[in-house]
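Following: one structure in C-alpha cells, then a few remarks.
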Amino acid sequence: MLKIVDSHELWYLFNDDPVRPHLSANFRTSLGREAFVLYNEDESKVRAVICCAYTNDVPITEQELDLWSQAACADETVPPRIAVFYTVWSYDRGAGRDIVFAARDFVRDVRGCKRFVTLSPLTEMAEKFHIKNGARLLERGNECQNFEYS
C-alpha cells in the first residue's frame, strides 16, 4: 500500500536516505514535493520510500529541482507536467522497483503528470537500477543524471 507522508509523520525514515541524506523533511514535503511510503499488505512494515518533486522542466541539479518545483506549483494556472523522483531507498528486496511503479501510477492517475523522470546520482548502481526497470537515460550532467520511465 502506497501512502503520502508529511514532514511530521515518519520523518525519521528520511534519515535512512542513502542518496540525499542532507535534505530535510521540510524540503521533501514543501510546496511542489511529496514523499511516498510503500507498506506491506497489513501496513505493519515499511518496505520503501521515494521522494518526488513536480516541475515543468527536467532538472539536472538539486538547485534546479528546488527552484523549479516551487515555481511550478506556485502558478496554479498551469499544473506541473513532470514528476521527478529524486531519491528512493528500500528495506526489502524488490521494494525499490515496486515503489517506483506505484508512485508513477499515482502521480499519473491522481496528479495528472505526463512524464516521469529521475534525478539520480552519477553511480553505476543507479544506472543499472533504472535501466533494468525499463527507464532510458535522458541526460548525464556533472552532478546528476536523468532517466525517464514510460
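Condition check for residue 62 on (1) in contact with a helix residue (DSSP H, G or I) (Cβ under 8 Å, 6 or more places away or on another chain); (2) within 15 Å of residue 20 (Cα to Cα): one failure, at (1). In the range 70-104, the residue that is nearest to residue 25 (Cα to Cα) out of those that are polar (S, T, N, Q) and at pLDDT below 95 is 70. For the range 48-77, a residue qualifies if it is surrounded by 20 or more Cβ atoms within 10 Å (Cβ to Cβ) and not hydrophobic (A, V, I, L, M, F, W, C), and the qualifying residues are 54, 55, 59, 69. Does residue 34 satisfy being among the charged types (D, E, K, R), surrounded by fewer than 17 Cβ atoms within 10 Å (Cβ to Cβ) and in contact (Cβ under 8 Å) with a residue 12 or more places away in the chain? For residue 34, the condition - among the charged types (D, E, K, R), surrounded by fewer than 17 Cβ atoms within 10 Å (Cβ to Cβ) and in contact (Cβ under 8 Å) with a residue 12 or more places away in the chain - is not met.
Residue-level analysis places residue 12 among those that are free of Cβ contacts under 8 Å to residues at least 12 places away in the same chain, more than 21 Å from residue 66 (Cα to Cα) and of a type in the set (Ser, Thr, Tyr).
The values are calculated or read from the model by the stated rules, or taken from the named source; none is laboratory data. Only a predicted model underlies this, so the values are computations on that prediction, with no experimental measurement involved. Cβ sites come from the backbone with ideal geometry, for glycine too, and all protein chains shown count toward neighbours.
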